[in-house]
Amino acid sequence: MKFIAASSVFFAVIFSLRAQENLKAGDLVYSTVAVLRVRATPDLNGKQIGKLEKGDSLRILQITGPEVTVDKKKARWVEFDFEGQKGYAFAGFLSTNWPLLVHSAKQWEKAEKKNAASLAERERQAKKLPPDEPQPFGECLSISAFGYPAEYEAGCSEKKIEAIRKLMQQRSLNRNDAVEQYGDAYCRGWLELEVAGYNCSFEGDKVSTFPIQN
């Protein structure tokens, strides 16, 4: 399933922190601050037409405007589609790495180690089986662990869910394909966890039903 395979890509880079990202047109990026102003023009004096919250995502149309410094961060501006009109946001507070919203970095680091152990065990068990024989594993070992369910639910906001619904209607897509095209890591992670059933690597967090059903 392409959803499961895709997870290894965006979760592998979550902790690859960079001092300065070379953002480009087409990138899906996330707000890394609690409130990021969206302006009508690419400058600090531009009229504010909205805001993004931490974890909100957008697809960059182009990098534009002058380089400015805000809170010791020096960057230009990104242009993107904001509710049907052109919007501009300061690139210094945007990242291709989606931010943690609920759990700490230390918790994630601990989880990553547990994930690696789970995956290694699955691979050891697979080597013992004859070719083409179904793997008699429960769901705990049928997938590599993704993360804490609460993290995905917090990031896959109602606004994102509504955008996914519109994609389904406009392009006649099923739920999985619409989430894949929308691309948001939080929503993808939530749906992947639901497809998997549950994630045995994390005690405490429960997987709620994804808000959109096929």
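Descriptive notes on the structure:
- Filter result for N97 (more than 27 Å from K206 (Cβ to Cβ) and in a loop (DSSP other than H, G, I, E, B)): no
- A single entry from R37, R76, R122, R59 fulfils the requirement of being in the same structural domain as P149 (by TED's automatic domain parsing), farther than 20 Å from P149 by Cα, of a type outside the set (V, I, T) and surrounded by 14 or more Cβ atoms within 10 Å (Cβ to Cβ): R122.
- Checking every residue in the range 185-194 against the condition of being at pLDDT 80 or above, surrounded by fewer than 15 Cβ atoms within 10 Å (Cβ to Cβ) and closer than 30 Å to V35 by Cβ gives zero matches.
- Restricting the range 87-111 to residues that are surrounded by 12 or more Cβ atoms within 10 Å (Cβ to Cβ) and free of Cβ contacts under 8 Å to residues at least 40 places away in the same chain, the residue that is farthest from D184 (Cα to Cα): K110
The values are calculated or read from the model by the stated rules, or taken from the named source; none is laboratory data. These figures come from a predicted structure and were not determined experimentally. Don't worry about glycine lacking a Cβ; one is built from the backbone with ideal geometry, like all the others, and counts go over all protein chains shown.
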